[in-house]
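Contents: one structure, followed by commentary.
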Amino acid sequence: MAAAEVEHSGSSLPKKLATFALCAIFTLSLIYFSPPLIISSTTNLLSQFQTRARARTTDLSTHLPGVAVWKQCDYSDGKWVWDGDHGGAAGGGGSRYDSENCDMKMTYKCVINGKPDGGYLHWRWQPASCNLPALDPAAFLRLLRGKRLAFVGDSTARNQAEALVCHLATAARPVTVRRDEERLGRKFWRWAFPSPHDVNVSTYWSPFLVRSEGHSEDYGMAHEVVVLDALTEPWASDLAAMDVMVISAGHWFPHSAVYYDDGEIVGVHGRPDMNRTEMSAPSVYRKVLRRTLEHVINATMADKLELVVVETIAPAHFDGRYSWNHRDACSRQRPYDGDVDGEAKVGDTEAELRKAVLEEVAAAATAARRRRPGLRFEVLDVTRLAAMRPDAHPGVYIYKNAYGGGPVPETAANDCLHWCAPGPVDTFNDILMQMIAGG
Ligand SMILES: *[C@@H]1O[C@H](CO)[C@@H](O)[C@H](O)[C@H]1NC(C)=O
Ligand SMILES: *[C@@H]1O[C@H](CO)[C@@H](O)[C@H](O)[C@H]1NC(C)=O
Ligand SMILES: *[C@@H]1O[C@H](CO)[C@@H](O)[C@H](O)[C@H]1NC(C)=O
């Protein structure tokens, strides 16, 4: 367990990788080392804001061709089709961008790291009732000129933001204007595409959306404490600067945790030692998401905000037949077929986490129509399409020239949660672009 306990900033790469891979394994967090944390005071940020509907002063009025058709389309229903000959612009992702010189976490750079099977680059998502155009970086920058796009959530939000910035970099050179690594790696990050684009993309580490103190902030701590009625800084105060906000979270909720609300413990997850009301991961995620979206609707300072996109969970694919650090825990080389009851079946917890997003976003959209006309809510539903892609995670190829093309030892750190970039994560961004354009 040593790797899971402490991560020093100077620790070796494999150790860091082992650390985050361990985090993906929820059962490990059921092992307890220390007494529960107590938070003495709770800042109730949510109550600081009043409701006030605001007229929109700006909107994303640039429409793309085909948007009207696209809006009728359920892009989450479809299949992955082999697109080997047209891996680039057609949408397979194969040659859209080269991650080598991108400001991107090394572990996602599967090509550079020597992932031997390149097939994962050449599958294109084909929705059942429409075509999904590949993101056009120049058009994307035009669409967001003078605006700020923020990704808020866990490392899957960062994974997607970094892939996007790398892709946009094929059209314009970004400047990294803010980085805050702290102990957990990339916490708050901002890239600027300077004039004439004037587009900023930021990421905010906020795996529970609300404040958490514990393992998610310091891997040396075994427990998670989640304060349900306190939003996390700095995203909540940066709301005023955001035009488009993308929320991608969910993976941390199945961790064992103690929940506080209004200064009191209101429940636990996976903490039988505490003899408190057990709360399921999806029920907590739903509660937190509801409050977050309500807060966004209520926050009068967020008067630039036009679009909030909430992403459904993209399932991890650790092969249950092996331990997480076995070389074959993540070695599939082909997508699953579309059989939703077969291999690509979404697990019960993930299905519930997804449902929470669909229902809470629908409720927020209804509330916003009344209280914040002009503020749009969308669900970026990637659960099904991601569930079919066990072949597109970094696997054991998480550092540069991993294994030098040679054999992989039987025990090796594995990432079967994040996505290679380029890879299917670019499809998430293709859909995001249509949502931004579709306002
Ligand atoms: C983007 O960031 C740069 C550098 O901090 C800043 O000068 C610019 O005003 C920002 N643009 C937007 C649209 O937020
Ligand atoms: C657990 O809590 C219940 C209700 O407060 C109490 O009756 C019971 O004795 C507690 N069990 C233990 C083992 O402390
Ligand atoms: C938002 O405003 C509504 C209506 O005033 C209020 O009932 C609700 O508690 C507020 N929620 C948050 C999270 O600020």
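Readers should treat all values here as calculations from the given coordinates under stated rules, not as data from a laboratory. Here the structure is a predicted model, which is why all the values come from computation and not from measurement. Cβ: placed from backbone, ideal geometry, glycine included. Neighbour counts: every protein chain shown.
In the neighborhood of H197, defined by Cβ-to-Cβ distances under 15 Å, what is the net charge if each Lys or Arg adds +1 and each Asp or Glu adds -1? Charge balance near H197 sits at +3.
Select from S323, V361, L385 the residue farthest towards the positive end of the dipole of segment 300-439; place +1 on Cβ of Lys and Arg, -1 on Cβ of Asp and Glu, and compute about the Cα centre. Toward the positive end, the furthest listed residue is V361.
Treating only the Cβ atoms of Lys and Arg (+1) and Asp and Glu (-1) as charged, compute the dipole magnitude of segment 336-394 about its Cα centre; round to the nearest 20 debye.
Numbers: 10 positive and 12 negative charges, 155 e Å.
Charge dipole, segment 336-394, about its Cα centre: 740 debye, nearest 20.
Annotation for segment 348-439: GluC sites (Glu not before Pro) lying in DSSP loop with at most 11 further Cβ atoms inside 10 Å of their Cβ are E410. Computed from the alpha carbon atoms alone, the convex hull of segment 330-394 holds 107 Å³ per residue.
What is the extension gain from A240 to R178, computed as 0.36 nm multiplied by their sequence separation minus the C-alpha to C-alpha distance, in nm to one decimal? Don't skip to the end; give the middle numbers.
On the way: separation 62, 0.36 × 62 = 22.32 nm, distance 1.75 nm.
Extra length from A240 to R178 when fully extended: 20.6 nm.
Considering only alpha-carbon pairs that sit under 8 angstrom and 6 or more positions apart, the relative contact order computed for segment 91-174 is 42 percent.
Give me the net charge for the shell around W125: Cβ to Cβ below 9 angstrom, other residues only, Lys and Arg +1, Asp and Glu -1.
+1
From the alpha carbon centroid of segment 114-185 to that of segment 207-252 is 21 Å.
Applying 1/(1 + (r/R0)^6) with R0 = 22 Å to the Cβ-Cβ distance of K79 and A362 gives a FRET efficiency near 0.25.
Quick check: net charge around R291, other residues with Cβ under 14 Å of its Cβ, Lys/Arg +1 and Asp/Glu -1? It would help to have the intermediate numbers written out before the result.
Details: positive: R211, R286, K287, R290; negative: D229, D261, D262, E294, E360.
Every neighbour counted, the sum reads -1.
Shown here for segment 128-212: GluC sites (Glu not before Pro) in loop regions (DSSP other than H, G, I, E, B) with at most 14 other Cβ atoms within 10 Å, namely E181, E182. Modelled this way, with points 7 Å down the Cα-to-C-beta line, the labels at R276 and Q333 are 4.9 nm from one another. Most tightly packed first, judged by the mean number of other beta-carbon atoms within 10 Å of their residues, the peptides 169-175, 389-395, 150-156 read 389-395, 150-156, 169-175. Think of segment 301-360 as having a plus end and a minus end, set by charges on the Cβ of Lys, Arg, Asp and Glu; of A314, M301, Q333, Q333 sits farthest toward the positive end of this dipole.
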